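Below you'll find the structure, written out as structure tokens, and then a few comments.
All of the numbers you see were taken from the coordinates with simple rules; none came from a lab. Fair warning: this is a prediction, and the values are worked out from it, not measured in the lab. Cβ: placed from backbone, ideal geometry, glycine included. Neighbour counts: every protein chain shown.
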Ligand code: PGA
């Protein structure tokens with residue numbers, strides 16, 4: 001299983017040092033990927049945890065003040081990058097076209113994009129979930145011959161950070177629909193996954209992993225989560 005730890009915009013330097021020390025003792029037979037704030041990327045050097053970033057520039061190197069290019073990420077050892085997260089779509093107004101450019105930059109540098117897609121509560125209520133996801137996938141992945149390299153993360157926006165999630169069956173139904181058009185892509189789920197609800201989410205034959213936000217910061221709970229995933 002692939003377990004992505006998305007720290008989001010959390011942890012000051014002191015807090016990160018302490019967190020990082022705790023991560024050293026985290027044991028797991030699964031593939032862990034830590035996505036810290038960019039300012040800590042260079043500090044991370046753990047043999048049992050891969051390095052990921054939370055964002056990338058849609059441009060290459062050059063006159064793009066404040067941006068970080070895929071080439072720069074690559075040079076720091078970044079292997080995975082989250083793109084299309086609903087928080088960036090909302091607060092940074094990123095659209096599918098911009099996300100498509102970011103994915104191109106990543107694939108060119110051989111960094112694995114983790115593309116987040118998912119519906120709002122209103123879209124869910126009006127039965128628009130699959131349409132929304134299909135449109136995001138089509139537009140974000142448009143034009144790539146190697147799109148199977150992209151990990152697709154289904155993250156219902158209403159489930160992120162709220163404590164609400166879908167049942168395993170509901171998640172699997174959506175992932176199976178995605179699989180019809182993207183049979184070779186890895187599919188993961190994110191949105192309020194924690195050490196309690198993992199009991200009913202694990203053992204899936206459709207999910208290739210989880211994207212963890214809040215839980216990524218809570219070491220003790222994260223350990224419990226990993227123990228439970230490993231009981232499979
Ligand atoms: P959450 O965040 O686990 O805190 O809901 C998931 C995410 O935003 O990727």
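The residue list 102, 90 contains one member that is within 16 Å of the ligand (Cβ to nearest atom) and either part of a helix (DSSP H, G or I) or under 16 Å from the mean Cα position of the chain (by Cα) (or both), which is 90. Only residues that are closer than 19 Å to residue 47 by Cα and either touching a residue at least 60 places away in the same chain (Cβ under 8 Å) or touching a strand residue (DSSP E or B) at 6+ places or on another chain (Cβ under 6 Å) (or both) were counted in the stretch 8-30, giving 8. Quick one: would you say residue 152 is assigned to a helix (DSSP H, G or I), under 16 Å from residue 190 (Cα atoms) and within 16 Å of the ligand (Cβ to nearest atom)? Answer is no for this residue. Listed by first and then second residue, the pairs with beta-carbon distance under 6 Å, at least 6 apart or on different chains, first residue in the stretch 184-195 and touching a residue at least 24 places away in the same chain (Cβ under 8 Å) and within 11 Å of residue 210 (Cα to Cα), second part of a loop (DSSP other than H, G, I, E, B) and within 6 Å of the ligand (Cβ to nearest atom), are 190/155; 191/155; 191/160.
Within the stretch 181-209, the set of residues being within 15 Å of the ligand (Cβ to nearest atom) and closer than 16 Å to residue 29 by Cα comprises 209 only.
Of the residues in the stretch 50-73, at least one is part of a helix (DSSP H, G or I) and under 22 Å from residue 86 (Cα atoms). (1) over 16 Å from the mean Cα position of the chain (by Cα); (2) surrounded by 11 or more Cβ atoms within 10 Å (Cβ to Cβ): which one isn't true of residue 12, the others all being true? With (1) over 16 Å from the mean Cα position of the chain (by Cα); (2) surrounded by 11 or more Cβ atoms within 10 Å (Cβ to Cβ) applied to residue 12, the lone miss is (2). For the stretch 210-232, which positions are away from the ligand (no atom under 12 Å from the Cβ) and crowded, with 18+ Cβ neighbours inside 10 Å? 226, 229 - these are the residues of the stretch 210-232 that are away from the ligand (no atom under 12 Å from the Cβ) and crowded, with 18+ Cβ neighbours inside 10 Å. When residues in the stretch 110-141 are screened for being within 18 Å of residue 160 (Cα to Cα) and exposed (fewer than 14 other Cβ atoms within 10 Å of the Cβ), 3 of them pass.
Residues in the stretch 118-130 that are within 22 Å of residue 87 (Cβ to Cβ) and assigned to a helix (DSSP H, G or I): 121, 122, 123, 124, 125, 129. Take the conditions (1) free of Cβ contacts under 8 Å to residues at least 24 places away in the same chain; (2) more than 18 Å from the chain's Cα centre (by Cα); residue 218 misses just one of them, which is (2).
I'd like to know if the stretch 56-65 contains one or more residues that are under 26 Å from residue 194 (Cβ atoms) and buried (at least 17 other Cβ atoms within 10 Å of the Cβ). No: the stretch 56-65 contains no residue that is under 26 Å from residue 194 (Cβ atoms) and buried (at least 17 other Cβ atoms within 10 Å of the Cβ).
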